[in-house]
Amino acid sequence: FYVKPKSKVVKALVFHFKALTYSDFTFKIYDPNQSRYEVPQGGMFPIDPQANFSFPLSFASYKINFTTNHFGFMITRKATDAVIFDSSIVEI
């Protein structure tokens with residue numbers, strides 16, 4: 001991949017995945033060493049109205065697989081194995 005000469009390469013990232021309901025989830029990837037603006041939660045449509053509630057992943061309709069070497073993750077439907085999201089790099 002190409003990195004601009006003045007761009008910082010982030011060497012430590014945090015991956016945070018949270019199961020919210022049977023079919024809903026959120027994930028966030030961020031640099032723990034660099035603060036950034038985030039839209040505040042709350043108001044009319046809070047992202048997580050149950051505050052710290054977390055749905056058990058074993059009961060969800062999806063599953064997540066990830067690799068730590070060359071980090072990547074894939075979220076698939078349990079019933080059909082259909083890919084919902086895939087961050088892995090595909091070589092052509």
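Points to keep in mind about this one:
- The heavy atoms of S87 present about 50 square angstrom of accessible area, all protein chains included, probe 1.4 Å.
- Modelled FRET efficiency - R0 30 Å, M74 with S35, Cβ distances, 0.05 increments: 0.55
- Computed accessible area, D31, all protein chains, 1.4 angstrom probe, square angstrom: 40
- A 1.4 Å probe, protein heavy atoms only, puts the accessible area of S58 near 90 Å².
The values are calculated or read from the model by the stated rules, or taken from the named source; none is laboratory data. These numbers come from a predicted model, not from an experiment. Reconstructed Cβ throughout: ideal geometry from the backbone, glycine too, with neighbour counts over all protein chains shown. Just so you know, the surface numbers come from the protein's heavy atoms only, side chains and all, with ligands and any DNA or RNA stripped out. Shrake-Rupley method; radii C 1.70, N 1.55, O 1.52, S 1.80 Å.
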